[in-house]
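Report on the structure given below.
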Amino acid sequence: MKPWNIEICDVTLRDGEQTPGVSFSCEENVDIARTLDCVGVEVIEAGFPAVSENEKQCVKTIANLGLDARICGFARAKKEDITTAIDCDVDMVSIFIPTSDLHVRVKFKKPREKVLEDALVMIDFARDHGVAVRFAAEDASRTDLVFLKEVYRRAADHGAVLLSFADTVGCLIPDEMRTIMTDLVSSVDRPFCAHCHNDMGCAVANTITAAQAGAFQLHTTVNGIGERSGNASLEEVLVILRTKGGIDRYDLSHLFALSRKVEKYSGIALPKNKPVTGELAFSHESGIHIAAILEDPATYEYFPPDLVGSERHFILGKHTGRKALEHVIASLGEDLSGAQICRVLDLVKEHSEQKCSITPEILRKLIRRAQRETPA
């Protein structure tokens with residue numbers, strides 16, 4: 001397989017922190033940035049420096065950590081925003097403007113052509129101050145395509161090194177993303193970025209589809225956090241890139257710990273069945289499944305838990321079979337007769353049907369009961 005030509009820009013520290021109610025401390029920002037760097041993420045969007053003096057200091061701190069990742073600062077097409085970002089010693093400034101007629105009308109109340117011309121002046125300003133520019137079209141997915149191409153062509157002519165396509169309200173489905181991104185990539189001679197929101201649950205699928213269609217820089221957040229329903233999940237995108245895209249340069253073993261770190265710092269609890277890093281991602285209860293996994297884990301796991309720094313768990317419940325129970329009992333160091341195991345299995349099913357979890361402590365109690373009721 002020929003690997004896809006991509007890089008990752010993780011925006012957890014900027015778009016992820018725009019999740020309602022989320023605010024990272026500078027120390028937490030640094031910790032997340034260091035771990036992202038260990039994973040091998042090429043670009044870290046460290047924040048929106050113009051938001052506050054504290055935000056500026058956090059971005060500047062990350063920019064001077066000496067990480068391998070390039071550090072990007074976010075900015076409106078305003079001189080004061082760009083100057084503030086440059087003062088943080090970032091490698092790149094991401095300058096954005098709204099491009100859809102709806103956003104231009106509501107936010108600027110002036111012709112879209114004027115909004116573009118003013119933004120091009122700001123690209124020139126940033127480049128004159130020695131910083132690379134990524135030019136982002138906000139609400140690009142609802143922008144007139146003819147005008148959008150003009151926006152990107154003009155930005156490229158003014159020296160933007162990357163052109164970012166934002167599906168700001170997550171309104172695209174993969175077929176639409178494929179059509180639009182294929183068209184854009186073939187019409188403008190600059191690498192494109194895919195920035196996808198998850199309002200309809202398509203952020204990861206749209207991001208991967210964009211990569212297949214030629215997008216170069218893929219934007220992600222840890223745990224998929226972000227405004228409203230969030231962004232494309234870093235851990236899900238990276239696993240797909242490894243298993244489907246031929247990309248093996250990222251160290252995925254940090255993903256589980258990174259996910260838990262961001263869960264703690266953000267206060268946003270992960271769904272138990274969250275792909276890749278959720279509590280149940282490698283948990284199995286079905287007796288048929290567990291019996292097969294004990295022979296070969298690939299029967300019911302497309303990729304192994306240790307790939308992402310996680311572990312496999314066998315959960316006892318009403319669907320548990322004898323082989324699974326024997327395995328769990330042996331792991332506890334218990335030695336039971338066949339009749340006792342059968343009795344424990346009956347007790348496990350009875351207990352779980354009352355919507356009660358079978359913890360190791362409860363299992364030991366059931367084992368003791370079975371030993372009393374069914375002598376060896």
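The values are calculated or read from the model by the stated rules, or taken from the named source; none is laboratory data. In this text, all values refer to a predicted model and were calculated from it rather than measured experimentally. Cβ coordinates were reconstructed from backbone atoms using ideal geometry, including for glycine residues, and neighbour counts include every protein chain displayed. All accessible areas refer to the heavy atoms of the entire protein, side chains included, with ligands and DNA or RNA removed. Shrake-Rupley method; radii C 1.70, N 1.55, O 1.52, S 1.80 Å.
The alpha carbon radius of gyration of segment 178-265, expressed as a multiple of 2.2 N^0.38 Å, is 1.13. Against the main long axis of the alpha-carbon atoms of the chain, helix 145-157 sits at an angle near 70°. Atom-type composition of the exposed protein surface of segment 1-85 places 48 percent of the accessible area on carbon and sulfur (1.4 angstrom probe). Helical runs assigned H by DSSP (4 residues or longer) give the chain a calculated mean residue ellipticity at 222 nm of -13500 deg cm²/dmol, each run adding -39500 (n - 2.57) before division by the residue total. Cross-link pairs exceeding 28 Å between alpha carbons, from the set LYS272/LYS349; LYS56/LYS261; LYS149/LYS274; LYS107/LYS272; LYS261/LYS365: LYS149/LYS274; LYS107/LYS272; LYS261/LYS365. With respect to the chain, whose longest principal axis is taken over its alpha-carbon atoms, helix 112-128 is tilted by about 90°.
Within the listed set PHE135, PHE96, PHE303, the Gaussian network model of the chain (springs between alpha-carbon atoms below 10 Å) gives the highest mean-square fluctuation for PHE303. With 0.36 nm allotted per residue and the present C-alpha distance subtracted, the SER186-LYS318 stretch has 42.0 nm of extension available. Across the accessible surface of segment 208-291, with the other protein chains kept in place and a 1.4 Å probe, carbon and sulfur atoms take up 52 percent.
Among the GluC sites (Glu not before Pro) in segment 329-376, those placed in a DSSP loop whose Cβ has at most 12 other Cβ atoms within 10 Å are GLU353.
Roughly speaking, to the nearest percent, how much of segment 86-125's 1.4 Å accessible area is carbon and sulfur? Heavy-atom surface of segment 86-125 belonging to carbon and sulfur, 1.4 Å probe: 58 percent.
Relative contact order, whole percent, for the chain stands at 14, derived from Cα pairs under 8 Å and 6 or more residues apart. Net charge of the neighbourhood of ALA269, taken over other residues with C-beta under 14 Å away and scored Lys/Arg +1, Asp/Glu -1, is +3.
Annotation: per residue accessible area for segment 267-317 equals 55 Å², rounded to a whole number [probe 1.4 Å, protein chains only]. Based on protein heavy atoms only, segment 119-246 ends up with 33 Å² per residue of surface accessible to a 1.4 Å probe. With everything on Cα atoms, drop me the angle between helix 255-266 and the longest principal axis of the chain, reported from 0 to 90° to the nearest 10. The angle comes out near 70 degrees. Length available on full extension from THR359 to TYR302: 0.36 nm per residue minus the Cα-Cα distance, which gives 17.8 nm. GNM on the chain, alpha-carbon springs under 10 angstrom: the most fluctuating residue among LYS365, LYS264, LYS323 is LYS365. For the chain, the spread of Cα positions along the three principal axes, ordered from largest to smallest, is 86, 41, 38 Å. Highest mobility in the GNM of the chain, judged by mean-square fluctuation with C-alpha springs under 10 Å and restricted to VAL188, VAL276, VAL204, is found for VAL188.
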